[in-house]
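Visitor: What follows is a structure written as structure tokens; I'll ask about it next.
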């Protein structure tokens, strides 16, 4: 079973709120000191999903990790390789900068066609920076493939994939033929910790780097030039709530007073 | 200027769903601001009569109804060609979806099929010329961005509870147009459904949500929360940490990757209030919290807070709330 | 007894209670309290330390026979005919080399197994090693820490040594040509015989104590085994037959002719009297049989040396010599880690030869387990069982591996079905339960180093198998990504500095105050950090902090088995420190302290490292800090951090600081100083969920409460957190005022040292007069 996992490198979503800041003029997040960018956690779970599917399929097949991003994004690819993926591909060129979900999806779809469409294409349910969750669906549409989004599990059954999709009131089981696009949610479970040997092998592995021309696109189709969504502002919301702490000697009294307050302001 | 098309949703029995009215309310206001040609509503499903009437009462001037037994349940492959056909027929300037299981899945595919793009999970919509300025949350709730879709049609998904519906007006009239679109051949098929036992109020519909976090210390404590919630007619939520520990079903997760709720009252018990959690409940009108740690982030968003061990507060609070409800 | 938890009986050998200390000569506030207390190097507590007796006691006793014989006698008079009843005694001399060959064969066979390991013997500091070999290995210093088994062991050991010398002397004497030069005649003979009999009896007492300790009232941690019956029973039999042989000889050849000689062989004399009614012919026959039995049994018994734990006669001193000479807090480095074929130990052959040798040194005494915090809390770790299980595995799989190598076959040939060492033989949860507190290493009478062996296997779990508790994984990931282990902290490394004027490191100051991840990022510890800064400024110390430039020094990664991550973190930090021109480092975290002090030199980071307790003690001694404010009288107990105490021998400084604080009375917990019990956080367990009957911190908090103290003081940010959470559960429901307070010593000192009117950070000269003035007012 072959698979391609698309990954994105993002500022560490676990950056403490106190260290999170935005450069509103540049419309960029300021890199917090001592906090390195990381592979999007949902994408890392995507790598885990690919590895588990391959293991279930008998361990045969190639898992490739594909990322669009600057030089540093190589680390995200290496994280996937260290976990057990085989090949790394990076779309890295100045022309790719300033793109949106559409240009990213287009470039990834072209690169996937160039690598060869595998049985399974995996994405994280969303990137934990922009929280959009659209690239998987865009690629599926461009490649004309069935898709199943926001999954908590995926299993191979008789040449098809059965997945469990997280929906508002529970879970849906869906069976889809391959090739298919899957987007993985956090319910999938923790990604594995790489073995040191794999980390070292991953460090030595060559990552194939492509520019727009390599995947049959021209510079006007990618990056800021090709983007369909324009950002006008990026800012940190102000929080003006002032908490009124209920003070009392005992916990019971606090509870009583809170109830009185709720009645007073007619919340209940 | 063309119309604004809202993709409404209907419940399992064909009854209307709140998000449709909210989208129609937002669309009506946008239509005025932009000077559009009116608001239309698309409905796809197997049984849509009630939903169609409700959509007109909520502000739709035309309802495009794609009714087919094969469309009883949402499926990407079967809905997508139908949705695309409606958009082609209506040729709207703006297409609105709810940020729901359906909208999240369908909107980006549809936008791509239409040669356009989508802005997801809008908290606020504003008109700027012929563009919709979408304010949306990002970086796990730590930041907001304002974006516009520069291609046409502009597809936007809108967060539940973020928009006020118009007052329901059953005297309004509108056209119901049957769309004769064949459902797509579903490659992927829904083969089963596991409904999480939420016993009562759905999280996203609840006016009161009682939520617990890792600080509860044990899964058993959720039983106390459920009792209190039952008294109040509230839904029970949980933080991601608590769900990841297996203490409560993931379907009840409130947060960035769970359900995003905005009830009148959100009661956070032993939840520290990480930004990813606040992204899921920050829109609540009132938050009250009980937490041992006076510096817990949650208190920054609270109207009322109790700094104490929830175990000591809860029994008394349960009695008091019971009394409050009885007096109501 | 290993589970001597709160209120439980105290294990034998540990002090049941210790003296309480008053803070100063003059109790209570007032001028007397300000007088420097008589405290320097005061030993707050000593275990009943009879270890020092070891060499002096048995060596002279053993030599007594020789001396008495050599000095006191006339040439003729009492003597014994050695082979009076025995023919063909040359057979005995033929058997002697046979016994030696049998022993040598046994050792050689085991040596084959040792040699599948890596040859990595350390011989640095030979003097230290020699001294340890003599005091600890030969002198059995550590055995004597436990009075019962110490005395038991001393009895058996002195008996064997003396009786060996006695026997050897007799054999030599027999070959001396005539009475003029013979030793064992006259009074010399009588003295000799008396010494022999006394030590025979001492040996029997020891054997009796051993039997009681094993089978009558078995001690905890005891692992029953056949070899013990063989060794103890065999020795008992030997001693008894010895007396019988002697008794028959006396009865048949001595008692009638020279009865007064017999009084000098009291054991034999009693036996002889018992046999007085038996016919001489029967006795002579019995003597012959018993004599041969005794001799063959003696040679057989000594041959056990090659096959049983009796080998500790030779191995214990050898291992005392081989044990590393550095701090027990230092873990061995994997050099050139990128070029290794394996990481850590998953196979026997990955161990060093010394580690494999150690498995055979273990005598199953169980002291390691008795003192292991995990075992005390009923958690799945017993250091003794780790060693014993590995030994059993080495005896089976190791022997086969050695055999394969000897035949030139691949080492794993025919071993496909063998149990997996790490995972099956040694369970993961045992490896994770280790706190690396060093109690086992410190208590082991035969100088086994358990920590490196356990951590080596952890290394393989983490680096080879990537198999670890989920929380360990997230901790390591956070270390990798954010350079600290505190996932989810809302703080940055500057948060704690808010509202405090903290000097940043410029390269000009004397000390770098290394705040550490915990000091900066954990809510409960931030006040400790602020107190340190306040006091250093108060005392006019020249220091700075790295603030946002700081990164973890790698300690948690190393204890958790990720040596690779440790080295990456350490190299990064060393580069930062060296670029900044750092020469002296102060830490308040014993773990940072240990890593900087003991582990960084090997990576090229050479700094003078001080723990805050040492620096603050010095500042107090120099009068730069003057505690005054008394506050309420408090009974305070001090908890030793393992990485400060056991691993780095820093016991007095924090206690001395506490004692200088007016109105503080120090009371010791039953387990204190060298015997202190870990708080439960060590070895990366801060970030693990404990499995077992109890939590270590709860056990320790209960011990602290049992002293009646109102506060527990420590000098470690991890201990503080563990105590606080332990108090929360042990004293659940208790009123806030009744709860045990938990503080770092620096927090106590901060309260006691008044804020000087002079703004902090000014020159010490200007601060000093102010302090003096206020002292006068007092």
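Visitor: As an exercise: evaluate residue A:104 against (1) in a strand (DSSP E or B); (2) surrounded by 23 or more Cβ atoms within 10 Å (Cβ to Cβ) and give the number of the one condition it does not meet.
Guide: Only one criterion in (1) in a strand (DSSP E or B); (2) surrounded by 23 or more Cβ atoms within 10 Å (Cβ to Cβ) is unmet by residue A:104, namely (1).
Visitor: Here is a list: B:124, B:107. Which entry is more than 14 Å from the chain's Cα centre (by Cα) and either assigned by TED's automatic domain parsing to the domain that holds residue B:55 or not in a helix (DSSP H, G or I) (or both)?
Guide: B:107
Visitor: Could you say whether any residue in the stretch A:197-220 is in contact (Cβ under 8 Å) with a residue 40 or more places away in the chain, over 29 Å from residue A:94 (Cα atoms) and more than 10 Å from chain B (Cβ to nearest Cβ)?
Guide: There is at least one residue in the stretch A:197-220 that is in contact (Cβ under 8 Å) with a residue 40 or more places away in the chain, over 29 Å from residue A:94 (Cα atoms) and more than 10 Å from chain B (Cβ to nearest Cβ).
Visitor: For the stretch A:1-42, give me every one of the strands (runs of 3 or more DSSP E) that falls completely inside it and has 1 or more residues that are within 29 Å of residue A:87 (Cβ to Cβ), in contact (Cβ under 8 Å) with a residue 12 or more places away in the chain and more than 10 Å from every other protein chain (Cβ to nearest Cβ).
Guide: A:3-7
Visitor: Just checking: which of the helices (runs of 4 or more DSSP H) contained wholly in the stretch C:511-597 hold 3 or more residues that are within 28 Å of residue C:451 (Cβ to Cβ)?
Guide: C:516-521, C:555-559, C:563-579, C:590-594
Visitor: Mind listing whichever residues of the stretch B:110-121 are assigned to a loop (DSSP other than H, G, I, E, B) and either facing chain A (nearest Cβ under 8 Å) or under 20 Å from the mean Cα position of the chain (by Cα) (or both)? Break it down stepwise before answering.
Guide: Initially, the stretch B:110-121 is screened for residues assigned to a loop (DSSP other than H, G, I, E, B), giving B:114-116.
Within the stretch B:110-121, just B:116 meets the criteria.
Visitor: For residues that are more than 10 Å from every other protein chain (Cβ to nearest Cβ) and either farther than 21 Å from residue B:62 by Cα or at pLDDT below 85 (or both), scanning just the stretch B:160-174, find the one that is farthest from the chain's Cα centre (by Cα).
Guide: Ranking the qualifying residues of the stretch B:160-174, first place goes to B:162.
Visitor: Can you tell me which residues in the stretch B:30-41 are assigned to a helix (DSSP H, G or I) and surrounded by fewer than 19 Cβ atoms within 10 Å (Cβ to Cβ)?
Guide: Matches in the stretch B:30-41: B:32, B:33.
Visitor: Return the total of residues in the stretch C:210-239 being in a loop (DSSP other than H, G, I, E, B) and free of Cβ contacts under 8 Å to residues at least 12 places away in the same chain.
Guide: Total satisfying the criteria: 3.
Visitor: Being more than 12 Å from residue B:211 (Cβ to Cβ), in contact with a strand residue (DSSP E or B) (Cβ under 8 Å, 6 or more places away or on another chain) and at pLDDT 85 or above is true for just one of B:311, B:292. Which residue is that?
Guide: On the way: B:311 fails: in contact with a strand residue (DSSP E or B) (Cβ under 8 Å, 6 or more places away or on another chain).
Matching residue, one of B:311, B:292: B:292.
Visitor: Taking helices (runs of 4 or more DSSP H) that do not extend beyond the stretch C:696-761, which have at least 1 residues that are surrounded by fewer than 24 Cβ atoms within 10 Å (Cβ to Cβ) and within 27 Å of the chain's Cα centre (by Cα)?
Guide: Answer list for the stretch C:696-761: C:696-706, C:717-730.
Visitor: Looking at the stretch B:136-150, can you tell me whether even one residue there is surrounded by fewer than 18 Cβ atoms within 10 Å (Cβ to Cβ), on the phi < 0 side of the Ramachandran plot and facing chain A (nearest Cβ under 8 Å)?
Guide: yes
Visitor: Separate question: Assess whether residue A:158 counts as being in the same structural domain as residue A:48 (by TED's automatic domain parsing) and at positive phi. It would help to see each step written out before you state the result.
Guide: Details: in the same structural domain as residue A:48 (by TED's automatic domain parsing): yes; at positive phi: yes.
Against the criterion (in the same structural domain as residue A:48 (by TED's automatic domain parsing) and at positive phi), residue A:158 qualifies.
Visitor: Residue B:132 versus (1) more than 9 Å from chain A (Cβ to nearest Cβ); (2) touching a helix residue (DSSP H, G or I) at 6+ places or on another chain (Cβ under 8 Å); (3) under 27 Å from residue B:14 (Cα atoms); (4) crowded, with 24+ Cβ neighbours inside 10 Å: which is the lone unmet condition?
Guide: Result: residue B:132 passes all but (3).
Visitor: Same structure again: Any residue at all in the stretch A:216-225 that is outside any loop (DSSP other than H, G, I, E, B), in contact with a helix residue (DSSP H, G or I) (Cβ under 6 Å, 6 or more places away or on another chain), at positive phi and buried (at least 16 other Cβ atoms within 10 Å of the Cβ)?
Guide: yes
Visitor: Out of the residues in the stretch B:56-103 that are without any contact (Cβ under 8 Å) to a residue 60 or more places away in the chain and in contact with a strand residue (DSSP E or B) (Cβ under 7 Å, 6 or more places away or on another chain), state the one that is surrounded by the fewest Cβ atoms within 10 Å (Cβ to Cβ). Walk me through it before giving the result.
Guide: As a first pass, look at the stretch B:56-103 and keep what is without any contact (Cβ under 8 Å) to a residue 60 or more places away in the chain: B:69, B:72, B:74, B:84, B:88, B:101.
Then keep just the ones that are in contact with a strand residue (DSSP E or B) (Cβ under 7 Å, 6 or more places away or on another chain); that gives B:72, B:101.
Details: B:72: 15, B:101: 18.
Within the stretch B:56-103, the match that is surrounded by the fewest Cβ atoms within 10 Å (Cβ to Cβ) is B:72.
Here is a yes/no grid of residues against (1) at pLDDT 90 or above; (2) closer than 18 Å to residue C:364 by Cβ; (3) under 27 Å from the mean Cα position of the chain (by Cα):
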residue	(1), (2), (3)
C:192	no, no, no
C:199	yes, no, no
C:206	yes, yes, yes
C:209	yes, yes, yes
C:215	no, yes, yes
C:224	no, yes, yes
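Visitor: Quick check on the stretch B:309-320. Is at least one of its residues in a loop (DSSP other than H, G, I, E, B) and either touching a residue at least 40 places away in the same chain (Cβ under 8 Å) or facing chain A (nearest Cβ under 8 Å) (or both)?
Guide: yes
Visitor: Still on this structure, please answer the following. It is to be established whether one or more residues within the stretch A:224-233 are more than 9 Å from chain B (Cβ to nearest Cβ) and under 22 Å from the mean Cα position of the chain (by Cα). I'd like the intermediate steps shown before the answer.
Guide: Filtering the stretch A:224-233 for residues more than 9 Å from chain B (Cβ to nearest Cβ) gives A:224-226.
So of that shortlist, the ones also under 22 Å from the mean Cα position of the chain (by Cα) come out as A:224, A:226.
Looking through the stretch A:224-233, at least one residue is more than 9 Å from chain B (Cβ to nearest Cβ) and under 22 Å from the mean Cα position of the chain (by Cα).
Visitor: Go through B:266, B:248 for me and flag whichever is closer than 25 Å to residue A:261 by Cα and either more than 8 Å from chain A (Cβ to nearest Cβ) or more than 19 Å from the chain's Cα centre (by Cα) (or both).
Guide: Among B:266, B:248, only B:266 is closer than 25 Å to residue A:261 by Cα and either more than 8 Å from chain A (Cβ to nearest Cβ) or more than 19 Å from the chain's Cα centre (by Cα) (or both).
Visitor: Restricting to the stretch A:167-204, what's the tally of residues that are at pLDDT 90 or above and either part of a loop (DSSP other than H, G, I, E, B) or more than 24 Å from residue A:74 (Cα to Cα) (or both)?
Guide: Qualifying residue count, the stretch A:167-204: 16.
Visitor: Has the stretch C:326-334 got at least one residue that is within 27 Å of residue C:593 (Cβ to Cβ) and not in a loop (DSSP other than H, G, I, E, B)?
Guide: no
Visitor: Oh, and also: Specify the residue that is surrounded by the most Cβ atoms within 10 Å (Cβ to Cβ); the eligible residues are those in the stretch B:175-210 that are in a loop (DSSP other than H, G, I, E, B) and more than 14 Å from chain A (Cβ to nearest Cβ).
Guide: Only one residue fits best here, namely B:181.
Visitor: Among the residues of the stretch B:232-239, are any at positive phi and within 12 Å of chain A (Cβ to nearest Cβ)?
Guide: Yes - at least one qualifying residue is present in the stretch B:232-239.
Visitor: Kindly establish whether residue B:213 is farther than 20 Å from residue B:21 by Cβ and more than 9 Å from chain A (Cβ to nearest Cβ).
Guide: For residue B:213, the condition - farther than 20 Å from residue B:21 by Cβ and more than 9 Å from chain A (Cβ to nearest Cβ) - is met.
Visitor: Test residue A:158 against the stated conditions and say whether it is closer than 17 Å to residue B:240 by Cα, without any contact (Cβ under 8 Å) to a residue 24 or more places away in the chain and more than 14 Å from the chain's Cα centre (by Cα).
Guide: The answer is no for residue A:158.
The values are calculated or read from the model by the stated rules, or taken from the named source; none is laboratory data. These numbers come from a predicted model, not from an experiment. So basically every Cβ, Gly included, is an ideal-geometry build from the backbone, and we count neighbours across all protein chains shown.
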